[in-house]
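Working notes for the structure below.
The values are calculated or read from the model by the stated rules, or taken from the named source; none is laboratory data. Note that the structure is a prediction, hence the values are computed from the model and not measured. Please note: Cβ atoms are built from the backbone with ideal geometry, for glycine as well, and neighbour counts cover all protein chains shown.
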Amino acid sequence: MEKESALTRIVNVADLAPLLVASRIPYEGPLKKILYHLKYDDDRLVVDDLSIFLAQALDRLSKLVRVKNCVLVPVPLHWKRMLKRGFNQAELMANRVGQAYDLPVDTQILRRVRSTSTQHQLKKLERKVNVEGAFRAHPRTTDGKEIILVDDLLTSGATLASCASALLAEGALSVNAITLAYAISSAPCESDIP
């Protein structure tokens, strides 16, 4: 049974601005295994297929905000995790989507300055604390940019909110986000947009 599922959520970014996040499919069933194998077993063969769903999230976001002049910014990994894994899954998917939509991908504008625990087993408040101050935006390349963050999974929105906060503090004009999937526990809620 195929069901159409997509989620667009508003995530509060401190006192700066709301962040629209468009996600394509629920994080359940086979998708959980596929993402696990991508991230931890280096199974990059699935990136093209997963990028199709991420592109659909971008289509969803484009119905709410103008994306034509935006820059795609993958949520960065800390250098230690990047060294261990060898790649950033968000960056791989962002590159595919950027190429398909003729949007630039910038991996230098935002960096993770502090190593954090993985978020998947933390409670909502713990997630927020875990990523608070973990990201820093490059001031000279951020100013005036319209940014779309790219990540694989939306859970509480804490990581995306922390990234957006850093980017907005350095002068980004706007920050929104797309994710491949959303955690079932994160949907639906009062801030979802039909």
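Within region 155-169, residues that are without any contact (Cβ under 8 Å) to a residue 40 or more places away in the chain sit with their Cβ atoms under 8 Å from residues that are β-branched (Val, Ile, Thr), at 6+ positions apart or across chains, in these pairs: 158/131; 162/131.
Within region 66-87, the set of residues being of a type in the set (A, V, I, L, M, F, W, C) and within 16 Å of the chain's Cα centre (by Cα) comprises 67, 70, 71, 72, 73, 75, 77, 87.
In the set (1) farther than 15 Å from residue 179 by Cβ; (2) touching a residue at least 24 places away in the same chain (Cβ under 8 Å), residue 63 fails one condition alone, (2).
Against the definition (closer than 21 Å to residue 142 by Cα and either at pLDDT 90 or above or surrounded by 14 or more Cβ atoms within 10 Å (Cβ to Cβ) (or both)), how does residue 74 come out, yes or no? Reasoning before the result, please.
Values: closer than 21 Å to residue 142 by Cα: yes; either at pLDDT 90 or above or surrounded by 14 or more Cβ atoms within 10 Å (Cβ to Cβ) (or both): yes.
Here the answer is yes, as residue 74 does meet what is asked.
Of all residues in region 104-122, which are of a type in the set (S, T, N, Q) and at pLDDT 90 or above? Give the steps one after another, and end with the answer.
First, the residues of region 104-122 that are of a type in the set (S, T, N, Q): 107-108, 115-119, 121.
If the condition is that a residue be of a type in the set (S, T, N, Q) and at pLDDT 90 or above, then 107, 108 are the ones that fit.
For region 55-70, filtering for residues that are surrounded by fewer than 18 Cβ atoms within 10 Å (Cβ to Cβ) and of a type in the set (Val, Ile, Thr) leaves 1.
Applying the criterion of being in contact with a helix residue (DSSP H, G or I) (Cβ under 6 Å, 6 or more places away or on another chain) and assigned to a loop (DSSP other than H, G, I, E, B) to the residues of region 1-27, the residue that is modelled with the lowest pLDDT is 16. On the stretch given as region 127-170, residues that are in a helix (DSSP H, G or I) and buried (at least 20 other Cβ atoms within 10 Å of the Cβ) total 14.
The set of residues from region 88-113 being farther than 16 Å from residue 180 by Cβ and either small (Gly, Ala, Ser) or over 14 Å from the mean Cα position of the chain (by Cα) (or both) comprises 99, 102, 103, 104, 108, 109, 113. State whether one or more residues within region 87-98 are hydrophobic (A, V, I, L, M, F, W, C), at pLDDT below 90 and buried (at least 17 other Cβ atoms within 10 Å of the Cβ). No - not one qualifying residue is present in region 87-98.
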